[in-house]
There are 6 protein chains.
Amino acid sequence: MRPSGRQPDQLRDVRITRNFTKHAEGSVLVEFGDTKVICTASVENRVPPFMRGEGRGWVTAEYGMLPRSTGSRMIREAAKGKQQGRTVEISRLIGRSLRAALDLNKLGENTITLDCDVIQADGGTRTAAITGAYVALADAINGLLAAGTIKTNPIKSPIAAISVGIYQGTPVLDLDYAEDSQADTDLNVVMTAAGGFVEVQGTAEQEAFSADELNAMLALAQKAIGELAAAQQTALDS
Amino acid sequence: MRPSGRQPDQLRDVRITRNFTKHAEGSVLVEFGDTKVICTASVENRVPPFMRGEGRGWVTAEYGMLPRSTGSRMIREAAKGKQQGRTVEISRLIGRSLRAALDLNKLGENTITLDCDVIQADGGTRTAAITGAYVALADAINGLLAAGTIKTNPIKSPIAAISVGIYQGTPVLDLDYAEDSQADTDLNVVMTAAGGFVEVQGTAEQEAFSADELNAMLALAQKAIGELAAAQQTALDS
Amino acid sequence: MRPSGRQPDQLRDVRITRNFTKHAEGSVLVEFGDTKVICTASVENRVPPFMRGEGRGWVTAEYGMLPRSTGSRMIREAAKGKQQGRTVEISRLIGRSLRAALDLNKLGENTITLDCDVIQADGGTRTAAITGAYVALADAINGLLAAGTIKTNPIKSPIAAISVGIYQGTPVLDLDYAEDSQADTDLNVVMTAAGGFVEVQGTAEQEAFSADELNAMLALAQKAIGELAAAQQTALDS
Amino acid sequence: MRPSGRQPDQLRDVRITRNFTKHAEGSVLVEFGDTKVICTASVENRVPPFMRGEGRGWVTAEYGMLPRSTGSRMIREAAKGKQQGRTVEISRLIGRSLRAALDLNKLGENTITLDCDVIQADGGTRTAAITGAYVALADAINGLLAAGTIKTNPIKSPIAAISVGIYQGTPVLDLDYAEDSQADTDLNVVMTAAGGFVEVQGTAEQEAFSADELNAMLALAQKAIGELAAAQQTALDS
Amino acid sequence: MRPSGRQPDQLRDVRITRNFTKHAEGSVLVEFGDTKVICTASVENRVPPFMRGEGRGWVTAEYGMLPRSTGSRMIREAAKGKQQGRTVEISRLIGRSLRAALDLNKLGENTITLDCDVIQADGGTRTAAITGAYVALADAINGLLAAGTIKTNPIKSPIAAISVGIYQGTPVLDLDYAEDSQADTDLNVVMTAAGGFVEVQGTAEQEAFSADELNAMLALAQKAIGELAAAQQTALDS
Amino acid sequence: MRPSGRQPDQLRDVRITRNFTKHAEGSVLVEFGDTKVICTASVENRVPPFMRGEGRGWVTAEYGMLPRSTGSRMIREAAKGKQQGRTVEISRLIGRSLRAALDLNKLGENTITLDCDVIQADGGTRTAAITGAYVALADAINGLLAAGTIKTNPIKSPIAAISVGIYQGTPVLDLDYAEDSQADTDLNVVMTAAGGFVEVQGTAEQEAFSADELNAMLALAQKAIGELAAAQQTALDS
């Protein structure tokens, strides 16, 4: 039995709230159960120096956690003057994942920055962030299309992300903190709505895992991505 | 006429939501109109090295803005590795103000850290932060009293804060961004509910101001603090 | 009785020495009693990137303390790689105050940087710094006028600054360290020679202060600014 | 055809030189073709503060590249004062992977730090680093056993790592720089010699990849790990 | 002819003012012509962690320049968050030199920090700093002896420093900025009053120098150190 | 007797291996006994901003040590975010020394960066680095000449460097770590092959040294430079 009483293949309640704050071109509050992340998409009409003049756009991401988004207070990275390795790693993952959703050639020389700030953490913050950031990105893209800044939609396929793990010997979906801190294996999967893999990051926390276990986890992830893509679409249609 | 149509002595709608996130000992979302700040109070059973063994407690604060809490995206201070001067200045102001609310001798050797993170900015973020942080602090103190960690309530007087300014020649209360960016004078006032001044910080943005103008602004602030203290008490009683 | 034997409304001896060092366009040693600050004004024929092409000038300031300007040695900020919050806060105050003395439109695209370095501290370093920096600024402006770089004098009004406090229940002027470390309230006031307020920053160190106390302190400040403005003018005339 | 003329499942020449430098408890030069990494293991008789008194050991890793290990000179991270995100990410990967090789309870309160410094890069530096670091770690462990510092061997299973990718539509093993910079998918796999997965990190560089492609890549990796584990054992036996 | 009209073996006017500021255990203003440096000695009753319990003392130094001590304003290192290489190098030189003046075993577990801050630069700041720092150090030592904190005088020999160079083919003493910026060779020499070498640092700025030139420069330095040691003694006796 | 059994005027075995790594325009492994340093020369077709348009080139250097190049592991400077003072000082020494070997006017607007990374330290790393860096520089220069990027050879004279010291009262050449850590005096000398001094840096570690001792050490250095210059030439000819 899972601590939350969920079935092995059951997601937590997923809520996606658009227009959560008013300034950003895309602003989403995404909730996977008690994990809550504010994802904003900011559009700037320029690209990094190394890309100037190529006619292509750029997508990048930054991730952060409010100091008391967690059970015990974490040091504020801005005050310390240094981001933790974990923060840098997740920022890079989000950026790579969202770039995979777009044809950057169709974005023009615009940069979209996705800021994902965790206001409450209960496991799975990076997968919630990617899932929410896609919706914020889509809103920003729709704004660029509506304004005529870009002519064709650069989105190749929606993307979403989910964690899977092996908890007490059983592959389970969407681990919350109680499970995550005790799981044998932790796998984060980013996929397109069309079913392709964008990122697969699996770590054996205790014991090495087998190819069979990996495939069982990937199957769970595949099912979940369908549900998350549906939730994203419902939010964008509302 | 004010851009918002408010009367000169009229506050924006003030909303104080307790228990906004689940981990902190005090967690408040404070809204002054479209300005929204998450204020959390975190309790740790220790004091900074220079205070050890004195039996007194400590209160400190850190302020931050999400990169896209503002009209154009600000650089993420954690990524840059350095806080702006304004951030440092406001963090210090919040900390000093909240320490003035307490008798630190009654807090025992505990530290309470107030994190004030702006998720949407529309002027007056520091005064909203102080007003919300007091409620988070009160919740944390009540928790310490309930747990028996401390025996007597260290709160000397509730405190709250408001901005006042001279906009187009008229002293006005609680400036939003549209007013703030055009005001001649900007005054931030922190007061006790009992009517004493804790901090008075006034800056002439264009022309120097007179003693009469200062007194007119202070009178507006005094009235507002009463309303804010009532809103704080209502929130704490609910 | 004040530790120094001064009357409540009595300034310490104020000395302003121009041309204290030889390289800067303005170089002043300002002394408020035992507080000694070197203030230099450096002119550069350019403005920060965000102001280019607007035809306006800029004034900025940086404050520092020699490590042993104080009773016990402070860490050298350059060696630590980080300025203290207090340093940043005072630098910003000095810059804002001096900008208020000028019509930046008449300065052309020139930047004047005011460096205020405390070589001996005995309370009131920031107010001494502002008072001395004005004289260094005036010397630099006069140099620009003499060289024909600018045509009209951008100085709107001289400015000066003083601290006031409530010491053992009595409002007193120009606190030295012995008083400052024990005062109930600390108020720093920047004014124009013409009597307008530029900055008012008051902090209750122990107990909140009343409007009457504030007004008594402001009256003391107003008197002092007249004396300081006279001392500045005497120095500039010599 | 691969640029190097290798078969899809063919590794580059692997060379493992022990005792490459004289000071470290383990010192290995590992070469995967033209990729050359110095891996040292340093033993210290203490653990990080958060682990003190638990009787367990710790393994950590740091990765770096000499500025001219690459085709164009990279900035020296020490001079810049900041490690790149990629550097941090790889350091964390190496550390996690090597910890998976050990039962930390059998290491006593000792810390082993693995420094992996790339002196020449031609693709696959992180997998070469992990493969070489294991040998340096084994040497350090053997030294601790020989000295009687620890009584039982904490190694659970040797580990090694290899990259796999999809190059021009074909899954290929051990990509060199010419392939890596053009691959559609990049997968890094860390495995135990016994055939269990420790880390699986796959990224779609251009197009999303399918479960079939993933499984084909994992099969290649599985074969390669056997060869690498044999090379490690041969080096340790010599 | 030298720009200043001095003879090749002629020092600039040397002035040493003790008790220049009031807080430090030793405080000296040293002037070599227009080069002016404030040197303070601060005593702390502790040693760095790596020396604890050994009964020996420590002497260290930090060097800085006020931003406008030079002809064009230098960036403030504290604001930039990083000291220049030159600053670090000179700090280390001053510290090493002053340690050579003392028998650290006789200092007890005390640390003396020498802060040398250049308020006006005209060449030779490091040699002026060392010469002045010795006097500040001697004052601090005398204070420790007078207070009975230490029993025997740890000073082995006074030290002083001077620059020598080859200017337009002629070895000259104590280069000012006009000479220094054009010299072929720059040699800084630290010596004991007794005539021993403590540091010799020579750099060929344009052409390599010969052993004969080196010896001619060292002879000039030797003569100068005698004069400087006499000036130090006169100051200490006054 | 020296710990190594060498004669006072005997160098350790010197080995210079060109083309040690494949990417750099010059790449040398230099060995002075057990001291091993990788020196690479990287050419970039640009100069620092302050030199643009002058037609001259630039040479700069950076020095580093692998964390476990030494007997006990040193902190990784890149991870700490700060270079030690010693590192900065040696980097500057190498850069100055190599610039002295060239007529920068003949280099065109090209920058050559010399990276000297110590992989194994046993005393004398800075002198080995300079000696090896010269060979890497010569290779890079020869490449520029061969490619026709520059027309005339900018090398004025080869340079090399050696350490000398006073060990147990006797001047000895090329100190290894066992001697260096106990020497009374440490002198690093950089010379041209033609016999001119480029840098002379001597430090009294225990007792001040005399002019006679200095001259004895310089004579040893002079002899050694001839041998090192021959070894450089042999390597370049092979």
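The values are calculated or read from the model by the stated rules, or taken from the named source; none is laboratory data. None of the values given here were measured: they were computed from a predicted structure. Virtual Cβ from ideal backbone geometry, glycine too; neighbours counted across all protein chains shown.
Hey, can you tell me all the residues within region D:57-73 that are of a type outside the set (Ser, Thr, Tyr) and surrounded by fewer than 17 Cβ atoms within 10 Å (Cβ to Cβ)?
Answer for region D:57-73, where residues must be of a type outside the set (Ser, Thr, Tyr) and surrounded by fewer than 17 Cβ atoms within 10 Å (Cβ to Cβ): just D:Gly71.
Any idea which residue in region F:36-51 is farthest from F:Leu114 (Cα to Cα), counting only those that are touching a strand residue (DSSP E or B) at 6+ places or on another chain (Cβ under 9 Å) and more than 11 Å from chain D (Cβ to nearest Cβ)?
Residue satisfying both the conditions and the ranking: F:Met51.
I need the full set of residues from region F:177-235 which are more than 21 Å from E:Val198 (Cβ to Cβ) and of a type in the set (Asp, Glu), in order please.
F:Glu227
F:Leu145 versus (1) more than 13 Å from every other protein chain (Cβ to nearest Cβ); (2) part of a loop (DSSP other than H, G, I, E, B); (3) without any contact (Cβ under 8 Å) to a residue 40 or more places away in the chain: which is the lone unmet condition?
Tallying (1) more than 13 Å from every other protein chain (Cβ to nearest Cβ); (2) part of a loop (DSSP other than H, G, I, E, B); (3) without any contact (Cβ under 8 Å) to a residue 40 or more places away in the chain, F:Leu145 fails exactly one: (2).
Kindly provide the set of residues from region E:80-90 that are closer than 26 Å to E:Gln201 by Cα and either part of a helix (DSSP H, G or I) or more than 10 Å from chain C (Cβ to nearest Cβ) (or both), ordered by number.
E:Gly85, E:Arg86, E:Thr87, E:Val88, E:Glu89, E:Ile90
So D:Val135 fits all but one of (1) facing chain F (nearest Cβ under 10 Å); (2) part of a helix (DSSP H, G or I); (3) in contact (Cβ under 8 Å) with a residue 40 or more places away in the chain; what number is the exception?
(1)
Which ones in region A:14-26 are away from chain B (no Cβ under 11 Å) and either within 16 Å of A:Asp117 (Cβ to Cβ) or buried (at least 20 other Cβ atoms within 10 Å of the Cβ) (or both)?
A:Val14, A:Ile16, A:Thr17
Tell me yes or no: at least one residue of region F:208-221 is within 14 Å of chain E (Cβ to nearest Cβ) and of a type in the set (Asp, Glu).
Yes; the residues of region F:208-221 include at least one that is within 14 Å of chain E (Cβ to nearest Cβ) and of a type in the set (Asp, Glu).
Filtering region C:199-238 down to residues that are of a type in the set (Val, Ile, Thr) and more than 17 Å from C:Leu137 (Cα to Cα), which residue is surrounded by the most Cβ atoms within 10 Å (Cβ to Cβ)?
Residue satisfying both the conditions and the ranking: C:Ile225.
Could you check region E:165-198 and list, in sequence order, the residues that are touching a strand residue (DSSP E or B) at 6+ places or on another chain (Cβ under 8 Å), within 16 Å of E:Leu228 (Cβ to Cβ) and within 12 Å of chain F (Cβ to nearest Cβ)?
Listed by number, the residues that qualify are E:Leu187, E:Asn188, E:Val189, E:Val190, E:Met191, E:Thr192, E:Ala193, E:Gly196, E:Phe197, E:Val198.
Of the residues B:Leu29, B:Leu11, which is surrounded by 16 or more Cβ atoms within 10 Å (Cβ to Cβ), away from chain A (no Cβ under 11 Å) and under 25 Å from A:His23 (Cα atoms)?
Exactly one of B:Leu29, B:Leu11 is surrounded by 16 or more Cβ atoms within 10 Å (Cβ to Cβ), away from chain A (no Cβ under 11 Å) and under 25 Å from A:His23 (Cα atoms), namely B:Leu11.
Within region F:184-194, count every residue that is over 13 Å from the mean Cα position of the chain (by Cα) and in contact (Cβ under 8 Å) with a residue 24 or more places away in the chain.
Residues meeting the conditions: 5.
From F:Ile150, F:Ile162, grab the single residue that is more than 25 Å from F:Glu31 (Cβ to Cβ), surrounded by 15 or more Cβ atoms within 10 Å (Cβ to Cβ) and among the β-branched types (Val, Ile, Thr).
Numbers: F:Ile162 fails: more than 25 Å from F:Glu31 (Cβ to Cβ).
Answer to the selection: F:Ile150.
Which of the residues belonging to region F:5-38 are charged (D, E, K, R) and in a strand (DSSP E or B)?
F:Arg15, F:Arg18, F:Glu31, F:Lys36
Can you tell me which residue among D:Leu214, D:Leu236 is in contact with a Ser or Thr (Cβ under 9 Å, 6 or more places away or on another chain) and not hydroxyl-bearing (Ser, Thr, Tyr)? Step through it out loud before you land on a result.
Details: D:Leu236 fails: in contact with a Ser or Thr (Cβ under 9 Å, 6 or more places away or on another chain).
Result of the check over D:Leu214, D:Leu236: D:Leu214.
Has region C:106-120 got any residue that is touching a strand residue (DSSP E or B) at 6+ places or on another chain (Cβ under 8 Å), assigned to a helix (DSSP H, G or I) and more than 10 Å from chain E (Cβ to nearest Cβ)? Can you show your working first?
Applying the first criterion (touching a strand residue (DSSP E or B) at 6+ places or on another chain (Cβ under 8 Å)) to region C:106-120 yields C:107, C:110-120.
Add one more test, that the residue is assigned to a helix (DSSP H, G or I), and what stays is none.
No, because not a single residue in region C:106-120 is touching a strand residue (DSSP E or B) at 6+ places or on another chain (Cβ under 8 Å), assigned to a helix (DSSP H, G or I) and more than 10 Å from chain E (Cβ to nearest Cβ).
Of the residues that sit in region D:80-101 and are out of contact with any strand residue (DSSP E or B) (no Cβ under 6 Å at 6 or more places or on another chain) and in contact (Cβ under 8 Å) with a residue 40 or more places away in the chain, which one is surrounded by the most Cβ atoms within 10 Å (Cβ to Cβ)?
Restricting to residues being out of contact with any strand residue (DSSP E or B) (no Cβ under 6 Å at 6 or more places or on another chain) and in contact (Cβ under 8 Å) with a residue 40 or more places away in the chain, the top hit is D:Leu93.
Can you report the number of residues in region A:39-58 which are more than 20 Å from A:Thr234 (Cα to Cα) and not in a loop (DSSP other than H, G, I, E, B)?
Count: 7.
May I ask you to list the residues in region D:107-125 that are under 21 Å from F:Arg73 (Cβ atoms), surrounded by 24 or more Cβ atoms within 10 Å (Cβ to Cβ) and touching a helix residue (DSSP H, G or I) at 6+ places or on another chain (Cβ under 6 Å)?
Passing the criteria: D:Ile112, D:Leu114, D:Cys116.
Only residues in region A:55-70 that are of a type in the set (Phe, Trp, Tyr) count as the first member; pair them with residues that are part of a strand (DSSP E or B) and surrounded by 23 or more Cβ atoms within 10 Å (Cβ to Cβ), Cβ under 7 angstrom, at least 6 apart or cross-chain, and list the lot.
A:Tyr63/A:Cys116
Pick from B:Gly165, B:Gly123: which is assigned to a strand (DSSP E or B) and within 17 Å of B:Asn188 (Cβ to Cβ)?
Details: B:Gly123 fails: assigned to a strand (DSSP E or B).
Step by step, each of B:Gly165, B:Gly123 is checked, and only B:Gly165 is assigned to a strand (DSSP E or B) and within 17 Å of B:Asn188 (Cβ to Cβ).
Could you grab me the full set of residues in region B:55-69 that are more than 10 Å from chain A (Cβ to nearest Cβ) and among the charged types (D, E, K, R)?
B:Arg56
Any residue in region C:195-207 that's among the hydroxyl-bearing types (Ser, Thr, Tyr): show its pairings with residues that are outside any loop (DSSP other than H, G, I, E, B) at Cβ separation under 6 Å, as long as the two are six or more apart or on different chains.
C:Thr203/B:Glu199; C:Thr203/C:Asp186
If a residue has to be more than 7 Å from chain E (Cβ to nearest Cβ) and either more than 11 Å from E:Glu62 (Cβ to Cβ) or at pLDDT below 95 (or both) to count, how many in region C:70-79 make the cut?
Total meeting the criteria: 2.
Checking A:Ile225 against (1) within 21 Å of A:Ile94 (Cα to Cα); (2) not in a helix (DSSP H, G or I), which single condition isn't satisfied?
Of everything listed in (1) within 21 Å of A:Ile94 (Cα to Cα); (2) not in a helix (DSSP H, G or I), A:Ile225 misses just condition (2).
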